[in-house]
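The block underneath contains the structure these notes are about, expressed in structure tokens.
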Amino acid sequence: MAAGATARIKVMPSSLREHLGGVMHREIYNEKRNQFAVERNTPKQLVEKVSGDIAKLLNRKRKALERLAREAEDIQREHPWQDGIKVRSTVTILLNLLNHDDDGENLLQNPNSLSLEFVDDPNFKNKVNYSYTAVQIPTDIYKGSPTILNELNWTQSLERVFIENSREDPSLRWQVFGSATGVTRYYPATKWRAPNKIDLYDVRRRPWYIQGASSPKDMVIIVDVSGSVSGLTLKLMKTSVIEMLDTLSDDDYVNVARFNEKAYAVVPCFTTLVQANIKNKKIFKEAVMNMQAKGTTDYKTGFQFAFDQLLNTSAPRANCNKMIMMFTDGGEDRAQDIFEKYNWPNKTVRVFTFSVGQHNYDVTPLQWIACANKGYYFEIPSIGAIRINTQEYLDVLGRPMVLAGERAKQVQWTNVYQDALGLGLVITGTMPVFNLTTDGDSKNQLILGVMGVDIALSEIKELTPRYKLGANGYTFAIDPNGYVLLHPNLQPKIINFREPVTLDFLDAELPDRNKEEIRRQMIDGKAGQRRIKTLVKSVDERYIDEVQRTYIWSPVEGTDYSLGLVLPSYSENHIKANLSDQILQVQFFQCGMMCVFLREYCKDLELSNNNTEFLLNFIALMEKVTPDSKQCDNFLLHNLILDTGIIKELVDKVWKNKDLNTYGFMTVFAATDGGITRVFPKRASDTWEENPEPFNASFYRRSLDNKGYIFRAPYPNDDILNPENDTIGILVSTAVDVTIGSRNLKPAVVGVKLDLEAWTDKFKILASNHTNSNRQSSQTCGPTSGCEMDCEANSDDLLCYLIDDGGFLVMSNQKDYMNKVRFNSKVDATLFYALYNNSFYKRKQSYDYQSVCDPVPSSNTGAAPRGVFVPTIADVLNVAWWTSAAAWSLLQQMLYGFAYQSWFMTDEVDAEGMESRESSCVTVQTQFYFSNISSSYNILQDCDNCSRLIHARRINNTNLLFVVAEKLSCDSCEIEKLSQVETECILTHKCAFLALVLISEIMIHIFLFLFQENTSDCGRGHSFRPSPLTLLLLQLLLLCVLAHPSV
């Protein structure tokens, strides 16, 4: 059908070869052979070295952590409790108030407060003071209570230990003590950054504290949804359960059930305990918010459900602390026969009971249930009691750890999370701090808190040999849950301070069976190596490439982490420049302002995202230091200067001798492993829009993974596709293959940007029946004429396309498509479907767990005080309402609101932010890529009332598909509309999410029950029961407030 045109189209790559200078580039490398050596990347040795370096780094932090925990226990043991304590240190007073604005509340005023100076420290990305510690206390904790003042007193002595640790290891980042009372003391001192106007940060709810304060948990939450639970009480229950879920980490397993006469899982498909990861907790929270109250209460059904879940040994679980959390408004049943059957006499399952809301029920049965099962009884009368009472159960779980003594004093390393003080992504080493005081002959069972030492991920990345591995080689590390600690695709776009940054290894890459097995072996602490064929996604997320990679992995000694390395075959060797002083001086400034290189070559180099500014900073620094300076990375700097000389010769010998306009070239360019991107001519660098770091540029990485010339259409940006004066450019690039001895390398990529309009004209000529000298006549062709089709002469009848391997239109003979360089399904949906349906393209769908989505619009009209039940006029006028629990609960909330006004006012900061604040979400990405079809095919596409012929052929040595098709003579064709648009993953059936949830093998240290545990402290009821006179006075107060809300 179009054999002649296809043959002529195939000459396009050869017309590029002589102008790009790829052959000359290889010759230049050979000429400069004496200026560099080729060194081998031995994967096993690299993994062992990096793994050892990481182990040494963590070990240094471990020693600092152990010292802090040991000193803290000794200091607290020697501290005498003082009921009438006064703050002894003006320093403590001052720093305790750093979390407030200048006009903030000062409950601990002291005229002798010191004024501190803070200096910028790049290690902390903050202004700090190295002489003092700082303190943060949550807003909802009274800072003048004896408990807090005693805590401030004895923890002040930790300042000396923090400072000594920092002197011994200057690389230490934040050192933090999180107290069980809610006090946070950290070093060095810096002003506290409240995430919102209302500072509700509580260290006890941070992932690192929760992990350090208890062993992993199997938890079943059962919620009473009988008819007596309604209105405000039901709302309090829902909020309490959500807060309880936030105390769980990825090391825990959980399920949630609602019960009345019967018990049901709130998420029907969660038939067993599931891992308490972010995905599952989000599903639970949505289900909890949809609970409704009806029916009668039967505690036995709820407890029966809970024990069935906890005793099911066939499902994954933590197998450590087992517990049941029951939320109810009260009842008479004790469910004793259930406990006798499942839990007594060993009492291996703790039961915690929560009396929610204001009521007149006898709370004795709830107290008895908790005390009889090694648990604790809590009361949540109002919203102000939720946060503290849903986290204090951790104190009970800490008892076995305290009794275990030194066996429980083990350093644990957390998941990745966002540091609250601006350090960025970190991991934290944690160690519990025990109360070693005694009460007579009884040993104390309380945890004082958790000590933590932060490690910024950037510290660990510095230990990896990134630039020796090439653009597509990398190191990664995972924790025992399979979450990545290091990975080039770990790039959270929105940071949630309350949750860890959890990205599974199989979500960071395109998963397959080989990677599932690699993940499993890494979690199991095994070492291994495997060469696999796998799929990789391009940096710009438009393309999929099928590549060969070598994976090698090994455990990190002394930790639960495992380190992996990924290496393509062309990165098994790397160039190491070996330049003399004379060459260094001669070649250094040859690149000038037409080269771009954005790497941290020297410690004192001031980085900038502005290319020109960075180059000026770089040149200014090089005038002060030599390339062999100890403050510079000699490997990076020498390779940079080597590449400078090589690219300079390429410009002089090839590019300067070409008239680019004659060939329809807008720009020629070269990028190197050494970090240079050279754009020619100089004026073209002003409009260069590619990533200046070659290793982060999509064209660079794809050229290394693919043979031949890689065409890339412009990105679908309106400014690019609808130019007024600018010319649209098609980027074409190819890797430079160099053979040194028997070793093959790809040290650079060369390319050109084609003038789309000029090359579209060339494309039409090549796809026609005639040469330039014989274009006067043409034969009109049709489906049955038997002649060769002419894409230029018959543009009214024929569609001729060049489509790249991602399905994007590159060139066309249709004038209307000149500026439609976009996904081909948007241009001709039926044609692209025919190509996909006939196996020219494969489709790959994947989930992006780090996406950002627009917020769901919500109205702030009529915003009420946060979390407060608002009575109607009918309620106020109803005498019965005044004696009900609802009125009394509202009064308690109002009184709490007067003390902590933030609870009583509409949160304007959050409300305003909701309109513009984006949120994290899961999206579905779809990419298309070539199948293995390499020859020419003719397709007959049948539609409703017509058909057409399509001829398609791969263009050798490129990523292009040449397609010639007749125009459809009918308007409709029933096809699947293919799209590459990224869409939010909204599951109408939440159980479908189970397919996306990965099972993790949790490797933890377990501390089970000890029979000498003292369980006598199991909670007591302490609700305030007002006298009739008090109730009458408060009712009058409420009337005044409602009548005069502005007072």
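Numbers at a glance
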| quantity | calculated |
| --- | --- |
| Kirkwood-based shape ratio for the range 407-478, expressed as Rg/Rh from alpha carbons | 1.22 |
| Efficiency of FRET between residue 340 and residue 514 - r from beta-carbon atoms, R0 41 angstrom, step 0.05 | 0.20 |
| Residue 193/residue 852 FRET efficiency (R0 22 Å; Cβ-Cβ; nearest 0.05) | 0.50 |
| Alpha carbon Rg of the range 437-524, scaled by the compact-globule rule 2.2 N^0.38 Å | 1.59 |
| At 1.567 mPa s and 4 °C, Stokes D of the range 200-287 from Kirkwood alpha-carbon radius, µm² per second | 94 |
| Interchain or long-range residues, amide H under 5 Å from residue 743's placed H | none |
| Spatial separation of Cα centroids for the range 461-484 and the range 277-351, in angstrom | 42 |
| Packing-based order for 684-691, 517-524, 273-280, using average beta carbon neighbours within 10 Å, highest first | 273-280, 517-524, 684-691 |
| Long-range HN-HN contacts of residue 174 with modeled amide H, under 5 Å | 454 |
| Computed lengthening from residue 530 to residue 121, 0.36 nm per intervening residue step minus Cα-Cα distance | 143.0 nm |
| Contour minus Cα-Cα distance for residue 168 and residue 758 (0.36 nm per residue) | 205.8 nm |
| Stokes-Einstein translational diffusion, the range 265-371 - Kirkwood Rh over all Cα pairs, 1.306 mPa s, 10 °C, in µm²/s | 103 |
| Inter-label distance for residue 949 and residue 286, nm, one decimal - labels placed 7 Å from Cα along Cα-to-Cβ | 5.2 |
| Phi to ³J(HN,Hα) by Karplus 6.51 cos²θ - 1.76 cosθ + 1.60 over the range 471-482, Hz, x for Gly, Pro | 5, 10, x, 6, 10, 8, 9, 10, 9, x, 8, x |
| ³J(HN,Hα) computed for each position of the range 367-381 - Karplus, 6.51 cos²θ - 1.76 cosθ + 1.60, integer Hz, glycine/proline x | 5, 4, 4, 5, 5, 7, 10, 6, x, 7, 9, 10, 10, 10, x |
| For the range 653-659, 3J(HN,Hα) per residue [Karplus equation, 6.51 cos²θ - 1.76 cosθ + 1.60, θ = phi - 60°, Hz, x = Gly/Pro] | 8, 10, 5, 5, 8, 10, 8 |
| Isotropic mean projected area of the C-alpha convex hull, the range 521-577 (nm²) | 6.0 |
| Under-5 Å amide H pairs with residue 562, H placed in peptide plane, nonlocal only | 478, 556 |
| Charged-residue dipole, Cβ positions (Lys, Arg, Asp, Glu), the range 502-556 about Cα centre, Debye nearest 20 | 320 |
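Quick note: the coordinates plus some simple rules give every number you see, no bench work behind them. This structure is a prediction, so every number in the text was calculated from the model and none was measured. So basically every Cβ, Gly included, is an ideal-geometry build from the backbone, and we count neighbours across all protein chains shown.
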